[in-house]
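Below: the structure, in structure tokens.
Every number here is computed from the coordinates shown, using simple stated rules; none is lab data. All figures in this text were calculated on a predicted structure; none of them were measured in a lab. Please note: Cβ atoms are built from the backbone with ideal geometry, for glycine as well, and neighbour counts cover all protein chains shown.
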Amino acid sequence: MLLYRIPVQQLFNSALPDLEYTSMRRTKIFIPFLGLVLAFGTVSGCSKSPYEGEQRFPLTGTVTLDGEPVDGGTISFIPSVETKRVTGGPIAGGKYTVHENSGANAGEYRVEIHWLKPTGEQFLDKDDTGEMIDVVTEAIPQKYNTSTELVAEVSASQTEFDFSLTSK
């Protein structure tokens with residue numbers, strides 16, 4: 001039987017990779033690879049829409065109630081045809097913006113506007129946080145939300161809709 005005597009230090013040195021060399025090597029390979037991925041992603045992103053289906057349009061506009069900007073409300077565009085998509089978003093400082101990715105397809109929409117406005121009263125949240133919570137009430141009349149009379153016709157040339165609502 002033949003035995004080899006190899007010092008323990010030599011055995012471990014040969015079995016373990018040179019960490020400094022491996023780390024530098026990975027960095028040298030990773031950076032060009034990352035550059036290729038980003039370049040390919042940018043080029044391919046230019047040729048394809050970020051969503052599938054019919055063209056969508058961004059929506060913008062203002063919403064006021066009795067001349068006061070609605071702040072903290074929501075606006076929803078509900079299509080008259082079920083095959084179209086529902087869209088909408090928050091209203092802040094009397095303005096709303098719906099970006100193209102989540103925008104509306106061309107067509108007719110019912111518009112619902114909600115605004116849970118603080119009444120000035122508060123109550124103690126005993127169950128969760130122990131903090132004072134504002135009491136809110138729907139400030140927008142039903143004729144502009146659950147029984148809406150508002151309509152918007154979205155098209156390539158019409159994507160801005162302003163709504164001046166009255167409480168009476």
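Data overview
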| item | result |
| --- | --- |
| Rg/Rh (Cα only; Kirkwood hydrodynamic radius) as it applies to the range 61-111 | 1.02 |
| Thr87 long-range amide H proximity, modeled H, under 5 Å | Phe77 |
| Normalised alpha carbon radius of gyration of the range 56-161 [divisor 2.2 N^0.38 Å] | 1.23 |
| Residue-count net charge about Leu165 - beta-carbon cut-off 13 Å; Lys, Arg +1, Asp, Glu -1 | -3 |
| 5 angstrom amide H check on Asn145, placed H, neighbours 5+ away | Ile113 |
| Test item: Cα-centred dipole of the range 56-161, Lys/Arg +1 and Asp/Glu -1 on Cβ, debye | 480 |
